[in-house]
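Peer 1: My questions will all concern the structure given below.
The values are calculated or read from the model by the stated rules, or taken from the named source; none is laboratory data. What you see is a predicted model, and the numbers here were worked out from it, not measured in a lab. Heads up, the Cβs are rebuilt from the backbone with ideal geometry, glycines too, and the neighbour counts pull from every protein chain shown. With ligands, DNA and RNA removed, areas are computed over all heavy atoms of the protein, side chains included. Shrake-Rupley method; radii C 1.70, N 1.55, O 1.52, S 1.80 Å.
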Amino acid sequence: AHKENSKSLCGLPIAVKDYNDVKGVVTTYGSPIFADNIAEASDATVRQLEENGAITVAKSNVPEWAGGNTFNPVFGASRNPWDLRMSVGGSSGGSAAALASGQVWLATGNDLGGSLRTPAAFNGIVGLRPGPGRVPRGTRLPAMDTRWVEGPMARTVSDVALMLDAGVGQQIDDLHLDR
């Protein structure tokens with residue numbers, strides 16, 4: 001991050017999608033296979049946001065191994081806060097529902113085929129699919145994948161812009177950090 005962006009999120013609470021690692025916290029990917037998987041380190045996306053002042057307060061629900069509806073056998077279904085009978089979309093649906101219900105200020109998402117954009121539309125919030133390589137990713141994923149990108153979610157366009165500015169950074173090696 002640029003020095004002028006340092007701590008730009010000023011302690012805002014964020015939800016982190018359960019496909020992203022947060023050090024010392026369970027990351028299940030929505031699968032019973034990983035129900036007890038504790039992350040040894042935060043991934044690059046989370047580190048970048050936390051270094052710029054975000055405070056991770058929650059992990060958000062995801063579909064098992066991705067998909068268009070946020071349901072998994074570990075945590076069940078996420079419900080649309082505007083109408084509990086309706087879907088939140090997927091796969092960033094847990095993040096979108098947390099934002100729409102006012103649980104967090106900002107949330108992470110990622111997008112391969114609409115996983116940021118669809119839940120944003122279903123829940124009346126804003127999700128942005130940035131260009132490939134703008135937001136760093138964990139080293140278990142290709143840094144410059146042109147299809148799957150990490151991106152910000154918030155209730156307003158200005159908050160998404162703030163989160164994107166704080167999230168932009170360089171890819172670094174996750175595996176050799178003492179964090």
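Peer 1: Quick one: how many residues across region 125-167 are of a type in the set (A, V, I, L, M, F, W, C), under 17 Å from E50 (Cβ atoms) and modelled with pLDDT of 95 or more?
Peer 2: Going through region 125-167, the residues of a type in the set (A, V, I, L, M, F, W, C) turn out to be 125-126, 128, 135, 141, 143-144, 148-149, 153-154, 157, 160-164, 166.
Filter again for under 17 Å from E50 (Cβ atoms), leaving 135, 153-154, 162-164, 166.
From the residues that got through so far, the ones that are modelled with pLDDT of 95 or more too are 153-154, 162-164, 166.
So the answer is 6.
Peer 1: Just to be sure, is L116 under 16 Å from M163 (Cβ atoms) and touching a Lys or Arg at 6+ places or on another chain (Cβ under 9 Å)?
Peer 2: Working: under 16 Å from M163 (Cβ atoms): yes; touching a Lys or Arg at 6+ places or on another chain (Cβ under 9 Å): yes.
Yes: the conditions hold for L116.
Peer 1: When only residues in region 94-110 that are within 19 Å of N20 (Cα to Cα) and over 10 Å from the mean Cα position of the chain (by Cα) count, which is surrounded by the fewest Cβ atoms within 10 Å (Cβ to Cβ)?
Peer 2: Here is the first cut: in region 94-110, the ones within 19 Å of N20 (Cα to Cα) are 94-99, 103-110.
Narrowing further to those that are over 10 Å from the mean Cα position of the chain (by Cα): 97-99, 103-105.
Numbers: A97: 27, A98: 29, L99: 31, Q103: 16, V104: 23, W105: 21.
Filtering first and then ranking leaves Q103.
Peer 1: Mind listing just one residue for me: the one in region 25-68 that is touching a helix residue (DSSP H, G or I) at 6+ places or on another chain (Cβ under 9 Å) and in a strand (DSSP E or B) and, of those, farthest from K7 (Cα to Cα)?
Peer 2: Only one residue fits best here, namely V26.
Peer 1: If you don't mind, another one. Looking at E150 and the list (1) part of a loop (DSSP other than H, G, I, E, B); (2) surrounded by 24 or more Cβ atoms within 10 Å (Cβ to Cβ); (3) charged (D, E, K, R), which single condition is not satisfied?
Peer 2: It fails just one condition, (1).
Peer 1: Would you say N69 is within 17 Å of the chain's Cα centre (by Cα) and open to solvent by less than 10 Å² (accessible area, probe 1.4 Å)?
Peer 2: Values: within 17 Å of the chain's Cα centre (by Cα): yes; open to solvent by less than 10 Å² (accessible area, probe 1.4 Å): no.
So N69 fails the test.
Peer 1: Would you be able to tell me the number of residues in region 69-98 that are assigned to a loop (DSSP other than H, G, I, E, B), free of Cβ contacts under 8 Å to residues at least 60 places away in the same chain and closer than 22 Å to I33 by Cα?
Peer 2: Applying the first criterion (assigned to a loop (DSSP other than H, G, I, E, B)) to region 69-98 yields 69-70, 73-75, 78-92.
Still in the list and also free of Cβ contacts under 8 Å to residues at least 60 places away in the same chain: 69-70, 73-75, 78-90.
Next cut, closer than 22 Å to I33 by Cα only: 69-70, 73-75, 78, 90.
The total comes to 7.
Peer 1: Can you say whether G53 is touching a Pro at 6+ places or on another chain (Cβ under 8 Å) and within 26 Å of S158 (Cβ to Cβ), as far as the supplied structure shows? Please lay out each step first, then the result.
Peer 2: Numbers: touching a Pro at 6+ places or on another chain (Cβ under 8 Å): no; within 26 Å of S158 (Cβ to Cβ): yes.
No: the conditions fail for G53.
Peer 1: Right, another one. Residues in region 11-62 that are touching a Gly at 6+ places or on another chain (Cβ under 8 Å) and among the polar types (S, T, N, Q): how many?
Peer 2: Within region 11-62, residues that are touching a Gly at 6+ places or on another chain (Cβ under 8 Å) and among the polar types (S, T, N, Q) number 6.
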